[in-house]
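S.K.: One structure is given below, represented as structure tokens, and several questions about it will come after.
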Amino acid sequence: MDWINTVLQGVLLGGLYAMFAVGLSLIFGVMRLVNIAHGDFIVLASYLALVVVSHFGLSPLASLAVVVPIMFILGYVLQRVLLNRTLGNDILPPLLVTFGLSIILQNGLMQVFSADSQKLSQGELEVASVSIGSLSVGVMPLIVFCTAVVIIGGLQLLFYKSSIGRAFRATSDDQHTAQLMGINNARIFGIAMALAMAVVSIAAVFLSIRTSFDPTVGPARLLYGFEAVIIGGLGSLWGTLAGGVILGVAQAVGAKIDPGWQILAGHLVFLAILVVRPRGLFPRSVD
């Protein structure tokens, strides 16, 4: 029964990793951009939630009503003003620019908030649990996982059942032809980045409730996101969820065997899948 509980906890943790990853999958699928600063934007949103909670007295979950719109707007402006200028046939410029953004964000957050660890408290909800047979499941991890499923399902519907989704897929297929057909690529890219940032902000609040954070933890979150994306398959949103679950289960089982193996177990599973399936388990384009 202990092992069943361990696997279940890993599955629920995978929902958080999937939210780390889905923004990466989204922007790569639409504009073939790899955002090195993705993890640092997760940390930025965590600190933004901290400011909202501290100054307005809201609970962390209620702070999403403020944090999500701010990060959505930030993503749109960032893409339109800066990142669109770096896109082209060469993948190096956006990598260098987002790497620079990562350094700026880390040092800026350290200057403003110091290197001290912070954590948000959701009160009794953090320790609340529900019984499923003989298993006890935390309410908060369950909320996180269900939120991940809803977000990914919503994005999937957006891609396949809406006009903006058709524009995303057309732009992903052929940017030049899409532009000739009247699609404003710059606007589409801005909306894609805005959606990615909105998801980042939700993941950030859940992360800040689950564990402590500081200005330097962004690269680790980026690594988990990359691993989940690559395990699931580039461009596949549901594959991203599967990748997050596999990574979460691997870490949970590793920690069960030996607490020092938690992170290593996830990396080893990632490496094994990469060797066997270099394109991931469910490779798929957004089209």
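The values are calculated or read from the model by the stated rules, or taken from the named source; none is laboratory data. Just so you know, these numbers come straight off a predicted model, no measurement behind them. All Cβ positions, glycine included, derive from the backbone under ideal geometry; neighbour counts span all protein chains shown. What goes into the accessible areas is simple: the full protein's heavy atoms, side chains included, and nothing from ligands, DNA or RNA. Shrake-Rupley method; radii C 1.70, N 1.55, O 1.52, S 1.80 Å.
S.K.: Please list, in order along the stretch 229-238, the HN-Hα scalar couplings obtained from phi with the Karplus expression 6.51 cos²θ - 1.76 cosθ + 1.60 (θ = phi - 60°), rounded to whole Hz, x for Gly and Pro.
M.R.: 5, 6, 4, x, x, 4, x, 9, 5, 5
S.K.: As I understand it, the dipole of the chain uses +1 on the Cβ of Lys and Arg and -1 on the Cβ of Asp and Glu, about the Cα centre. Which of Leu264, Ala148, Gly165 lies farthest toward its positive end?
M.R.: The residue sitting farthest along the positive end of the dipole is Gly165.
S.K.: So what's the angle, to the nearest 10 degrees on a 0 to 90 scale, between helix 38-56 and the longest Cα principal axis of the chain?
M.R.: The answer is roughly 70 degrees.
S.K.: Here is a follow-up. Using θ = phi - 60° and the Karplus form 6.51 cos²θ - 1.76 cosθ + 1.60, what ³J(HN,Hα) does each residue of the stretch 190-205 get, whole Hz, x for Gly and Pro?
M.R.: x, 5, 4, 5, 4, 5, 4, 5, 4, 5, 4, 5, 5, 4, 5, 5
S.K.: Just how far, in whole angstrom, is the stretch 149-215 from the stretch 225-264 if you go by their alpha carbon centroids?
M.R.: 22
S.K.: Continuing with this model, one more query. For Ser129, which sequence-distant residues (separation of 5 or more, or a different chain) have an amide H within less than 5 Å of its own amide H, given hydrogens modelled in the peptide plane?
M.R.: For Ser129, the qualifying residues are Val139.
S.K.: For Leu234, which sequence-distant residues (separation of 5 or more, or a different chain) have an amide H within less than 5 Å of its own amide H, given hydrogens modelled in the peptide plane?
M.R.: Under 5 Å from the amide H of Leu234 lie the amide H atoms of Arg284, each far enough along the sequence or on another chain.
S.K.: Once the Cα atoms of helix 92-113 and of the chain are each reduced to a long axis, what angle between those two axes, in degrees from 0 to 90 to the nearest 10, is obtained?
M.R.: Computed tilt is about 50 degrees.
S.K.: Roughly how many percent of the accessible protein surface of the stretch 162-207 is carbon and sulfur, given a 1.4 Å probe and a whole-percent answer?
M.R.: 55
S.K.: What is the gain in length, in nm to one decimal, between Ala128 and Leu92 on full extension, counting 0.36 nm per residue of separation less the C-alpha to C-alpha distance?
M.R.: Extra length from Ala128 to Leu92 when fully extended: 8.3 nm.
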